[in-house]
């Protein structure tokens, strides 16, 4: 079932937080592969998710590029934009403060591209995502395990 597409045509951040809570209570955890790539002044966080996965993301505190490099997914953003189904090749500028939920129709690979010279993962998290408000969102440990295992890979040339 495409739970994300069944949200309101323009869901609010609060509705996406409600979906996040429902996911944590009703669905079995899904393992995601996360790849961290660094270049001078650039950090790319790539996530690979299996077909059928429903997930919510952390709220980023900086503007960055979001790119879908493989697969097809439905994206709901709590910023007033409509729910949309996108495929590999989709890219957009993601504004600060946006919370997203996705449903993966196929195996998916997507990346957030950030301008930063930081390479330490803990400092990157502090720099790039908003602290979690425990009254609104899931606890940090759940968020960390939802995107485990963390892995660092160099670019292949």
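Taking all pairs of different Cα atoms in the range 60-132, averaging 1/r and flipping that mean, what Kirkwood radius in angstroms comes out?
So the Kirkwood estimate lands at 13.1 Å.
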Exercise. Suppose R0 equals 30 Å; then what is the FRET efficiency for residue 39 and residue 14 from their Cβ-Cβ distance, rounded to the nearest 0.05?
Worked result: 0.25
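Compare the peptides 66-74, 54-62, 39-47 by average per-residue count of other Cβ atoms within 10 angstrom and give them in order, highest first.
54-62, 66-74, 39-47
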Problem set entry | Packing-based ranking, highest mean first, of 118-131, 94-107 given that Cβ atoms within 10 Å are counted | 94-107, 118-131
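Quick note: the coordinates plus some simple rules give every number you see, no bench work behind them. On a predicted model such as this, the values are computed, not experimentally measured, just so you know. We place every Cβ from the backbone using ideal geometry, glycine too, and count neighbours over all the protein chains shown.
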